[in-house]
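Single-structure report; data block below.
The values are calculated or read from the model by the stated rules, or taken from the named source; none is laboratory data. Remember, it's a predicted structure, so these values are computed and weren't measured experimentally. Here the Cβ positions follow ideal geometry from the backbone for every residue, glycine too, while neighbour counts run over all protein chains shown. Calculation scope for accessible area: heavy atoms of the full protein, side chains included, ligands and nucleic acids excluded. Shrake-Rupley method; radii C 1.70, N 1.55, O 1.52, S 1.80 Å.
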Amino acid sequence: LYDALDAPTLPPEARKYLAVGDALFGLLRADDLIPHYRLSGSTKLGGRTLKSQWGTAITDELRALVDAGEFLIDMRSGTYQQLGKLKDAATVRVESVQEDGSRKVVSHFNKHYKGELARVLAFKGESVSTLEDAARVAQESGMSTELRGTELVLVV
């Protein structure tokens with residue numbers, strides 16, 4: 001995701017639309033500096049899961065963003081969503097079309113495609129205030145999308 005997003009090359013006005021869910025630091029902005037470390041969202045610290053360590057703090061922070069009028073698309077993996085869920089958030093699913101026309105969830109390149117989407121949306125900033133806006137912006141950039149309730153599906 002980070003490679004496709006390429007946050008350092010985004011102008012500051014685009015970066016302000018991005019937040020990153022981090023197992024150790026919680027919610028961060030794309031240009032927040034943190035030390036290099038390795039800690040998975042499924043790690044236990046002192047015998048406790050990170051979900052129990054964080055409690056409701058991440059969910060509360062996400063709720064505050066939505067309550068302040070921010071439109072939120074949660075692109076975190078399932079493990080990181082568990083650290084702080086927000087039922088009202090839109091999500092992204094990446095699917096590939098198989099030769100027989102069926103669909104399969106993309107696993108390996110999932111983050112890459114989400115990073116590309118995040119980059120495109122960050123450049124549009126305030127003009128993306130609904131899931132429909134996000135789908136339109138993605139389509140204008142050449143991505144194939146579908147809407148399923150509160151889920152934006154990228155079809156690759």
- Message: Compute the helix-to-body angle for 110-124: its Cα long axis versus the longest principal axis of the chain, expressed 0 to 90° and rounded to tens.
- Response: 80
- Fully extended, how many nm does the chain gain between PHE123 and HIS108 (0.36 nm per residue separation, minus their Cα-Cα distance)? 2.9 nm
- Task: Place a label point 7 angstrom from the Cα of VAL97 along the Cα-to-Cβ direction, then list the residues of the range 135-156 whose backbone nitrogen is under 14 Å away.
- Result: 143-146, 154-156
- Return the Cα extents of the range 25-156 along principal axes one, two and three, sorted largest first, each rounded to a whole Å. 48, 36, 28
- Item | With Cα atoms, 0 to 90° folded angle of helix 57-67 axis to the chain main axis | 50
- Query: Tell me, what is the percent relative contact order of the chain, built from C-alpha pairs under 8 Å that lie six or more residues apart?
  - Reply: 25
- Query: Using +1 on the beta carbon of Lys and Arg, -1 on that of Asp and Glu, and nothing else charged, what's the dipole of the chain about the Cα centre, debye to 20?
  - Reply: 660
- Ordering ASP74, ASP31 from largest to smallest accessible area (1.4 angstrom probe), what's the sequence? ASP31, ASP74
- 29 Å Cα-Cα threshold exceeded, pairs from LYS16/LYS104; LYS44/LYS124; LYS16/LYS111: LYS16/LYS104; LYS44/LYS124
- Message: Need the list of aspartates and glutamates near LYS51 for cross-linking: C-alpha distance under 20 angstrom, and skip anything on the same chain fewer than eight residues off.
- Response: ASP22, ASP60, GLU61, ASP74, ASP88
- Probe 1.4 Å, all chains present, heavy atoms only: GLU61 accessible area in Å², nearest 10, is 100
- Message: Keeping every protein chain present and rolling a 1.4 Å probe, give me the accessible area per residue for the chain in Å².
- Response: 60
- What is the local net charge at THR9, summed over the other residues whose Cβ is closer than 14 Å to its Cβ (Lys, Arg +1; Asp, Glu -1)? -3
- Message: How large a share of the accessible area of the range 15-104, in percent, is made up of carbon and sulfur atoms when the probe is 1.4 Å and the other protein chains stay in place?
- Response: 49
- Query: If amide H atoms are built 1.01 Å from N in the plane of the peptide, which residues on other chains or at least 5 residues away come under 5 Å of the amide H of LEU152?
  - Reply: THR91, VAL92, ARG93
- Check each of the GluC sites (Glu not before Pro) in the range 62-142 and keep only those in coil by DSSP with at most 10 other C-beta atoms within 10 angstrom; list them in order. GLU99
- Correct response: the longest run of the chain lacking exposed trypsin sites (Lys or Arg not before Pro), defined by DSSP loop and at most 16 other Cβ within 10 Å, is 88-156
- Taking a ≥ b ≥ c as the square roots of the eigenvalues of the Cα gyration tensor of the range 1-102, is the shape rounded (a/c under 1.5), prolate (a/b larger than b/c) or oblate? rounded
- Query: Label-point separation (nm) for ASP133 and LEU147, each offset 7 Å from Cα along Cα-to-Cβ?
  - Reply: 1.3
- For VAL105, tell me the accessible area in Å² from a 1.4 Å probe, rounded to the nearest 10. 70
